[in-house]
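Each value in this text was obtained by applying a stated rule to the coordinates, not by laboratory testing. Because the structure is a prediction, the values reported are computed rather than measured. No Cβ is skipped: glycine too gets one built from the backbone with ideal geometry, and neighbour counts run over all protein chains shown.
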Amino acid sequence: MKLFRVNALIERDMRKFFRSPALMMASMVFPLVQLIVLGYAFGGKIKGAVVAVVDQDQTVQSRRLREMMNGISTGPKTFRVVEYKSLPQAINDLRSGFVAAVIDIPYDFTQRYYQRNRPRISFTEDNTDQFVSSSLLERVQQMVNELNAPDVEPRLASQVDLNVVEMYPYIEYIKYLLAGSIAMSIFHRGHDRRGDYVY
């Protein structure tokens with residue numbers, strides 16, 4: 001193909017482009033929105049995630065845990081704490097998407113802590129968003145490690161355990177790729193010769 005023909009094709013397409021404001025806006029705005037969405041989806045830091053806390057203990061060590069959570073809420077601001085009186089209600093809100101995770105402090109937490117009887121807190125996460133759930137789990141694990149840090153002498157027998165519960169089973173991407181492809185093919189059945197959608 002000769003060069004003047006290529007120039008003619010370029011000139012024709014540029015004229016079509018500049019004569020269509022909608023096409024110009026779509027060409028400039030959509031890539032920018034895509035970059036912003038993908039940038040936040042695959043990177044950055046989690047801020048302001050809502051975490052439900054059910055304190056069934058209401059004693060010294062549970063208050064210490066809540067103080068650590070409030071410190072994270074005012075410091076790194078990874079999550080903000082919402083206190084619940086009932087664990088089933090917190091789990092229902094987690095299933096409904098109102099909260100990102102649930103931290104349950106059992107009624108015998110402080111007692112088992114001083115008895116060195118493996119005290120435990122429960123962390124229930126919405127693992128549909130692995131990025132958010134892993135960031136929250138990292139913060140909660142930091143709190144547990146701080147609780148387990150010795151004051152004067154090692155207290156290995158009284159270390160706090162973190163029980164992680166995933167709300168939904170993990171499914172690998174390759175397993176639902178086929179189902180997603182079928183769903184996309186149903187909504188997008190094809191084009192006619194002019195490029196219009198055929199339904």
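Less than 10 Å Cβ to Cβ from Val53, Lys/Arg counted +1 and Asp/Glu -1: what total charge do the surrounding residues give? Combined, the nearby Lys, Arg, Asp and Glu give -2. The phi torsions of the stretch 70-81, fed into the Karplus equation with coefficients 6.51, -1.76 and 1.60 and a -60° offset, translate into couplings of 5, x, 5, 5, 8, x, x, 6, 5, 9, 10, 9 Hz, rounded to whole numbers, with Gly and Pro shown as x. Amide H contacts under 5 Å for Gln56: Ile105, restricted to partners 5 or more places along the chain or on a different chain, H placed in the peptide plane at 1.01 Å from N.
What does the extension gain come out to for Leu137 and Arg15, with contour length at 0.36 nm per residue minus their alpha carbon separation?
Working: separation 122, 0.36 × 122 = 43.92 nm, distance 5.40 nm.
Extra length available between Leu137 and Arg15 comes to 38.5 nm.
The peptide list 13-19, 74-80, 139-145, put in order of mean Cβ contacts within 10 Å with the highest first, becomes 139-145, 74-80, 13-19.
Calculated FRET efficiency, Val33 and Thr59, Cβ-Cβ r, R0 45 Å, to nearest 0.05?
With a Förster radius of 45 Å, E is 0.35.
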